[in-house]
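Participant: Below is the structure I would like to discuss, written out as structure tokens.
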Amino acid sequence: MIIETKKKGKVTEYIVDKDYPDSKLEHVLNKTIKREQIHDIIHDDADVYTKEGKLLLRFRKNLLKKNNIENFYEHVIKFAETPTSNRGSASGSTNKNIYNNPKIKTNIIGYFDKLSPNQKFIFKQKGIPLPQITVRETRFVQDYPDKYKKLLPLIQEIDHYYKKFIPEPYKKQRQKANKTPFKIAGTAFTTVTTNVNYQTTVHSDKGDDAEGFGNLAVIERGKYKGGETCFPQYGIGVDVRTGDILYMDVHQPHGNLEIILETADAKRLSIVCYLRKNIWDQTKGKTKKFKDYHIKTLKKFLRQHRAMQFVD
């Protein structure tokens, strides 16, 4: 709940307190958020702090360049709409076998820290131990390298504003990113997740860099209602639309409201940029030469055993 509001130029600063203690979080985790759980939705530039003085989120409207947005959408949307089952608890699933999870339109771009299930199967079938380093290019980067390059200007622009608006966490995260060659060029990110018309359940991003902030942008098509990104424990949400950026503490439980499609072509493409901790743990200190050799060797082995078709 909001307990204090201040105006600082064009930015509204909010101080919030928890609606309920951490001991009751178990009642909302892995469940969808209902609108009645959220007291306030933010639509304009805002900084939100907890009553303890910790930054919860920073929201800025209409920052991203239109041509970067359009290029990103054009070159990723077909891939982003591919149904997958890899989101686990964020989709409300507790299945250990990802193939039993709900099929949703969520996909990964950049680098990932695990081999796909099909790839693991090939190693097991051949009786070969998994490589010591399991970091790899995602399917999008492997299959569509030219399209991947078209995405970089928007990702790098998001990175630019991350540095501007969240400087201290950015500095720590960029220092880590600079120690691994498995990263998105010119950024503090290793990975981007895209979601299309996907309502996540309440979750925290345990795989992200603990010192970093989440970076969320949205591209809209058609008309829809809902989808606001919310922190249910604080009863607050943010309506992120095309051109906006939301920087948030993704280690706090969060999720988004139901997306209600009002036109047949309605799409909410969310773009989440981050540094995956396990990528950094596995590859810090490695050289670009090592990266190139590792990826080449892994690709060659998988091609030989026809494992190139995999689910990220």
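Participant: Quick check on this structure: which one of ILE158, ILE166, ILE109, ILE219 is over 25 Å from HIS75 (Cβ atoms) and either surrounded by fewer than 19 Cβ atoms within 10 Å (Cβ to Cβ) or not basic (Lys, Arg) (or both)? Break it down into steps so the answer makes sense when it comes.
Facilitator: Values: ILE158 fails: over 25 Å from HIS75 (Cβ atoms); ILE109 fails: over 25 Å from HIS75 (Cβ atoms); ILE219 fails: over 25 Å from HIS75 (Cβ atoms).
None of the other options fit; the residue is ILE166.
Participant: Name every residue in the range 164-205 that is among the polar types (S, T, N, Q), without any contact (Cβ under 8 Å) to a residue 60 or more places away in the chain and not in a helix (DSSP H, G or I), in order of residue number.
Facilitator: Correct list: ASN178, SER204.
Participant: Here is a further query. Which residue out of TYR234, TYR293 is of a type in the set (Phe, Trp, Tyr), at negative phi and either surrounded by 21 or more Cβ atoms within 10 Å (Cβ to Cβ) or part of a loop (DSSP other than H, G, I, E, B) (or both)?
Facilitator: Of TYR234, TYR293, the one residue that is of a type in the set (Phe, Trp, Tyr), at negative phi and either surrounded by 21 or more Cβ atoms within 10 Å (Cβ to Cβ) or part of a loop (DSSP other than H, G, I, E, B) (or both) is TYR234.
Participant: A further question on this structure: Go over the candidates ASP208, ASP249 one by one and state the one that is touching a residue at least 24 places away in the same chain (Cβ under 8 Å), buried (at least 19 other Cβ atoms within 10 Å of the Cβ), touching a Phe, Trp or Tyr at 6+ places or on another chain (Cβ under 6 Å) and among the acidic types (Asp, Glu). Break it down stepwise before answering.
Facilitator: Working: ASP249 fails: touching a Phe, Trp or Tyr at 6+ places or on another chain (Cβ under 6 Å).
Of ASP208, ASP249, the one residue that is touching a residue at least 24 places away in the same chain (Cβ under 8 Å), buried (at least 19 other Cβ atoms within 10 Å of the Cβ), touching a Phe, Trp or Tyr at 6+ places or on another chain (Cβ under 6 Å) and among the acidic types (Asp, Glu) is ASP208.
Participant: Next question, about the same structure. Which condition breaks for GLN119 when tested against (1) over 17 Å from the mean Cα position of the chain (by Cα); (2) part of a loop (DSSP other than H, G, I, E, B); (3) not aromatic (Phe, Trp, Tyr)?
Facilitator: (2)
Participant: Checking GLU262 against (1) in contact with a Gly (Cβ under 9 Å, 6 or more places away or on another chain); (2) surrounded by 22 or more Cβ atoms within 10 Å (Cβ to Cβ); (3) over 23 Å from MET1 (Cα atoms): exactly one of these is not met. Which one?
Facilitator: That leaves (2) as the condition not met.
Participant: Follow-up. I'd like to know if the range 134-148 contains one or more residues that are surrounded by 16 or more Cβ atoms within 10 Å (Cβ to Cβ), in contact with a Ser or Thr (Cβ under 6 Å, 6 or more places away or on another chain) and not charged (D, E, K, R).
Facilitator: yes
Participant: Shifting gears a bit: Being surrounded by 11 or more Cβ atoms within 10 Å (Cβ to Cβ) and hydroxyl-bearing (Ser, Thr, Tyr) is the filter here, so list the residues in the range 6-55 that pass it.
Facilitator: Those that are surrounded by 11 or more Cβ atoms within 10 Å (Cβ to Cβ) and hydroxyl-bearing (Ser, Thr, Tyr): THR12, TYR14, TYR20, THR32, TYR49, THR50.
Participant: Starting from the range 125-147, take each residue that is in contact (Cβ under 8 Å) with a residue 24 or more places away in the chain and list its partners that are assigned to a loop (DSSP other than H, G, I, E, B) and surrounded by 10 or more Cβ atoms within 10 Å (Cβ to Cβ), counting only C-beta distances under 6 angstrom and pairs at least six apart or across chains.
Facilitator: Pairs found: THR134/LYS114; THR134/LEU115; VAL135/ASP113; VAL135/PHE182; THR138/ASP312; ARG139/ASP312.
Participant: Restricting to the range 81-114, count the residues that are in a loop (DSSP other than H, G, I, E, B) and either modelled with pLDDT of 90 or more or farther than 30 Å from ASP292 by Cβ (or both).
Facilitator: 17
Participant: Show the residue pairs meeting these rules: Cβ distance below 7 Å; 6+ apart or different chains; first residue within the range 28-56 and farther than 11 Å from THR12 by Cα and free of Cβ contacts under 8 Å to residues at least 60 places away in the same chain; second residue of a type in the set (S, T, N, Q) and not in a loop (DSSP other than H, G, I, E, B).
Facilitator: Listed by first residue and then by second, the contacts come to nothing, as the list is empty.
Participant: Which pairs have Cβ atoms under 8 Å, sit 6 or more apart or on different chains, and link a residue in the range 60-71 that is part of a helix (DSSP H, G or I) to one that is of a type in the set (A, V, I, L, M, F, W, C)?
Facilitator: Once the first residue is part of a helix (DSSP H, G or I) and sits in the range 60-71, its partners that are of a type in the set (A, V, I, L, M, F, W, C) give ASN68/LEU154; ILE69/LEU154; ILE69/ILE219; ASN71/LEU151; ASN71/LEU154.
Participant: Name the residues in the range 244-266 that are closer than 18 Å to ALA80 by Cβ and either within 17 Å of the chain's Cα centre (by Cα) or in a helix (DSSP H, G or I) (or both), would you?
Facilitator: ASN256
Participant: Can you name every residue in the range 13-40 that is in contact with a helix residue (DSSP H, G or I) (Cβ under 9 Å, 6 or more places away or on another chain) and under 18 Å from LEU257 (Cβ atoms)?
Facilitator: Within the range 13-40, ASP19, VAL28, LEU29, ASN30 meet the criteria.
Participant: Report the residue count in the range 176-198 for those that are of a type in the set (S, T, N, Q), within 16 Å of GLN156 (Cα to Cα) and surrounded by fewer than 18 Cβ atoms within 10 Å (Cβ to Cβ).
Facilitator: Number satisfying all stated conditions: 1.
Participant: If you don't mind, another one. Looking at (1) touching a strand residue (DSSP E or B) at 6+ places or on another chain (Cβ under 8 Å); (2) farther than 30 Å from LYS147 by Cβ; (3) of a type in the set (Lys, Arg), find the lone condition where ARG60 falls short.
Facilitator: (2)
Participant: Contact list please: Cβ distance under 7 Å, first residue in the range 222-240 and polar (S, T, N, Q), second residue part of a strand (DSSP E or B), pairs at least six apart or on different chains.
Facilitator: THR229/LEU216; THR229/GLY237; THR229/VAL238; THR229/LEU246; THR229/HIS254; THR229/ASN256
The values are calculated or read from the model by the stated rules, or taken from the named source; none is laboratory data. If you're wondering where the values come from, they're calculated on a predicted model, not measured in any experiment. Positions of Cβ are generated from backbone atoms using ideal geometry, with glycine treated the same way; all protein chains shown enter the neighbour counts.
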